[in-house]
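Participant: What follows is a single structure, and I will ask about it in a moment.
The values are calculated or read from the model by the stated rules, or taken from the named source; none is laboratory data. Since the model is a prediction, treat every value here as computed from it, not as a measurement. Positions of Cβ are backbone-derived with ideal geometry, glycine not excepted, and every protein chain shown enters the neighbour counts.
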């Protein structure tokens, strides 16, 4: 088997913990030979773990991509608003690119990246990892085999989990759309993609409602300070009190904002990073709940609901077809098929992978490397062309939400963007 070489841009959580471990677990398939990461501690830890030569460890992506092409692929895991320029540069240098989702908060940049991949005849694969999990691939097979007939309606609920909501979308990197992306893109472009994947036909019209309802200053407990450690009177009753969570059941999440995960290291980080701020006094503006209604080309419809006020962090769905329906829970790793003709009920339980995103992180790496080795033109399973369609669904949803739920036609949105180019 031909070993693929790679460079990594961004050794944060997704880059270092989700995709790069594939090189450590399957060294005969992948070798990461260079990294760009501005955080010195993260860069040093990643360089040591992957035995990268000192001269190939860079503090920013511009330095790395200023070099002649060093490897076969570029794995780009910078922040959302830093995807566009390194992706274009990597494609122009001849790298095949694996890009963390979302492609970009800008629809114009998404379209431009798609066009540049085609211009340079390179793979640009977007990390829609749900497509690569056993749960969704098994369900897709059932649908494609005609077990439930033609799809009429899908109801998909994304239960974000209240503590995940607070960590990532109130205190964390994706809390403010001005510096990251709208919630529907940052968190739920996975869901727009999986709906597109299941339906396998164009989405034509989208409408959406949602708001930031709870995590606002108006809902702060009386006397609550800017930081939890500054003596909060609601310490005993607030579910989001940072020390209680990050020193307790959420300790595993502390590694996402400090490399020193000792008790002392976590406490120090809670005093200096956004993760120690009161959730009601943070610089957040993304919605904490949103619904999206979609109409597809066949006349089928879908309803998506994202909510940050749930106990479990999972996706629950019902797919209703003309011959049967499917009901499933992703975190339970199973779904049930009801046959309307025979009245038979079949439960499909998939193997529960312990790898990231229920095996999706390793799954997309395996698929992408296979596509790189055999590349002779064409598109990948979750190519930029595929991803742009689901990204447009998310952009349309946000446009609709900001305009009081006014329906947005996808083709009209696409034509507006195409006219720019």
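Participant: Does residue 346 satisfy the condition of being out of contact with any helix residue (DSSP H, G or I) (no Cβ under 7 Å at 6 or more places or on another chain), assigned to a strand (DSSP E or B) and over 25 Å from residue 165 (Cα atoms)?
Facilitator: Taking the combined requirement at face value, the residue satisfies it.
Conditions tested, residue by residue: (1) closer than 25 Å to residue 103 by Cβ; (2) assigned by TED's automatic domain parsing to the domain that holds residue 291; (3) surrounded by fewer than 20 Cβ atoms within 10 Å (Cβ to Cβ).
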residue: 126; (1), (2), (3): yes, no, no
residue: 135; (1), (2), (3): yes, yes, no
residue: 141; (1), (2), (3): no, yes, yes
residue: 144; (1), (2), (3): no, yes, yes
residue: 149; (1), (2), (3): no, yes, yes
residue: 153; (1), (2), (3): no, yes, yes
residue: 158; (1), (2), (3): yes, yes, no
residue: 163; (1), (2), (3): no, yes, yes
residue: 166; (1), (2), (3): no, yes, no
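Participant: Here's a follow-up. Regarding the range 191-203, can at least one residue be identified that is under 21 Å from residue 278 (Cα atoms) and surrounded by fewer than 17 Cβ atoms within 10 Å (Cβ to Cβ)?
Facilitator: Checked the range 191-203: no residue is under 21 Å from residue 278 (Cα atoms) and surrounded by fewer than 17 Cβ atoms within 10 Å (Cβ to Cβ).
Participant: So, residue 303, is that one at pLDDT 95 or above and closer than 30 Å to residue 320 by Cα or not?
Facilitator: yes
Participant: Still on this structure, please answer the following. Taking the range 380-409 as the search range and keeping residues that are in contact with a strand residue (DSSP E or B) (Cβ under 7 Å, 6 or more places away or on another chain) and within 27 Å of residue 121 (Cα to Cα), which one is modelled with the highest pLDDT?
Facilitator: 393
Participant: If I go through the range 372-421 residue by residue, how many of them are over 24 Å from residue 290 (Cα atoms), over 21 Å from the mean Cα position of the chain (by Cα) and touching a residue at least 40 places away in the same chain (Cβ under 8 Å)?
Facilitator: Count: 8.
Participant: Just for helices (runs of 4 or more DSSP H) wholly inside the range 218-293: which have at least 3 residues that are out of contact with any strand residue (DSSP E or B) (no Cβ under 8 Å at 6 or more places or on another chain), more than 30 Å from residue 394 (Cα to Cα) and modelled with pLDDT of 95 or more?
Facilitator: 242-246, 263-270
Participant: Within the range 123-138, can one find any residue that is touching a strand residue (DSSP E or B) at 6+ places or on another chain (Cβ under 6 Å), outside any strand (DSSP E or B) and free of Cβ contacts under 8 Å to residues at least 40 places away in the same chain?
Facilitator: No, the conditions are met nowhere in the range 123-138.
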